[in-house]
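A.B. asks: Okay, here's the structure, questions in a sec.
The values are calculated or read from the model by the stated rules, or taken from the named source; none is laboratory data. Since this is a predicted model, take the numbers as computed values, not measurements. Cβ sites come from the backbone with ideal geometry, for glycine too, and all protein chains shown count toward neighbours. All accessible areas refer to the heavy atoms of the entire protein, side chains included, with ligands and DNA or RNA removed. Shrake-Rupley method; radii C 1.70, N 1.55, O 1.52, S 1.80 Å.
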Amino acid sequence: AYCGENAVKWKIPTFILYGEGDNLTSYKTMSEFANRIGAPITVMKNGEHWFHTDEQMKFLDEWISDCKNFA
């Protein structure tokens, strides 16, 4: 298939935040993608696909700050 023959070549530092309760993208899919591009993946317990609660937004803000130290 086209996608398999024309794989994306990822050349920028990437960090992935995944919500444990994501109902749109499976952890398996996200983990395979992260491994393929060499990106660390952080899983938020009780997180969702769309971070929107106060707890999730706090986690997201802290995660972004932590990622800035590595980029």
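A.B. asks: Cross-link candidates for Lys9: which aspartates and glutamates have Cα within less than 12 Å, leaving aside residues fewer than 8 places away along the same chain?
C.D. replies: Within the straight-line limit of under 12 Å, Lys9 reaches no aspartates and glutamates at all.
A.B. asks: Which is the longest stretch in the chain that no exposed loop site breaks, taking sites as trypsin sites (Lys or Arg not before Pro) with a DSSP loop state and at most 13 other Cβ atoms within 10 Å?
C.D. replies: 12-44
A.B. asks: Where does the charge balance sit around Glu20 when Lys and Arg score +1, Asp and Glu -1, over other residues with C-beta under 9 Å from its C-beta? Please report the intermediate quantities before stating the final value.
C.D. replies: On the way: positive: Lys45; negative: Asp22, Glu48.
Taking every Cβ under 9 Å from that of Glu20, the sum is -1.
A.B. asks: Next question. Mind checking which lysines have their C-alpha under 16 Å from Lys58, skipping anything on the same chain fewer than 8 residues away?
C.D. replies: Partners within reach: Lys45, Lys68.
A.B. asks: Another question, then. Rounded to a whole number, what % of the accessible area of the chain do carbon and sulfur atoms account for, probe 1.4 Å?
C.D. replies: Ligands and nucleic acids excluded, carbon and sulfur reach 56 percent.
A.B. asks: Relative contact order of the chain, please, whole-number percent, based on alpha carbon pairs below 8 angstrom and at least 6 residues apart.
C.D. replies: Numbers: 64 pairs, mean separation 24.2, N = 71.
Relative contact order, the chain: 34 percent.
A.B. asks: Under the Karplus relation 6.51 cos²θ - 1.76 cosθ + 1.60, θ = phi - 60°, what is the ordered set of whole-Hz ³J(HN,Hα) values for the stretch 8-18, x standing for Gly and Pro?
C.D. replies: After applying 6.51 cos²θ - 1.76 cosθ + 1.60, I find 5, 9, 7, 10, 10, x, 9, 10, 10, 10, 10 Hz.
A.B. asks: Of (i) 1.06; (ii) 1.23; (iii) 1.41, which is the value of Cα Rg over 2.2 N^0.38 Å derived from the coordinates here?
C.D. replies: Label of the calculated value: (ii).
A.B. asks: Separate question: What is the sum of charges around Gly38, taking Lys and Arg as +1, Asp and Glu as -1, for the other residues whose C-beta is under 15 Å from the C-beta of Gly38? Mind dumping the intermediate values first?
C.D. replies: Numbers: positive: Lys9, Lys11, Arg36; negative: Glu32.
Charge balance near Gly38 sits at +2.
A.B. asks: Give me the angle, in degrees from 0 to 90, between the Cα long axis of helix 54-68 and the longest principal axis of the Cα atoms of the chain, rounded to the nearest 10.
C.D. replies: It is inclined by approximately 60 degrees.
A.B. asks: Amide H neighbours of Gly19 under 5 Å, at least 5 residues apart or on other chains, H built in the peptide plane: list them.
C.D. replies: Residues meeting the criterion, in which the H sits 1.01 Å from N, are Met44.
A.B. asks: Given the rule -39500 (n - 2.57) for each run of at least 4 DSSP H residues, summed and divided by the residues of the chain, what is its mean residue ellipticity at 222 nm, to the nearest 500 deg cm²/dmol?
C.D. replies: Details: 3 runs with 30 residues, N = 71.
Estimated from H runs of four or more residues: -12500 deg cm²/dmol.
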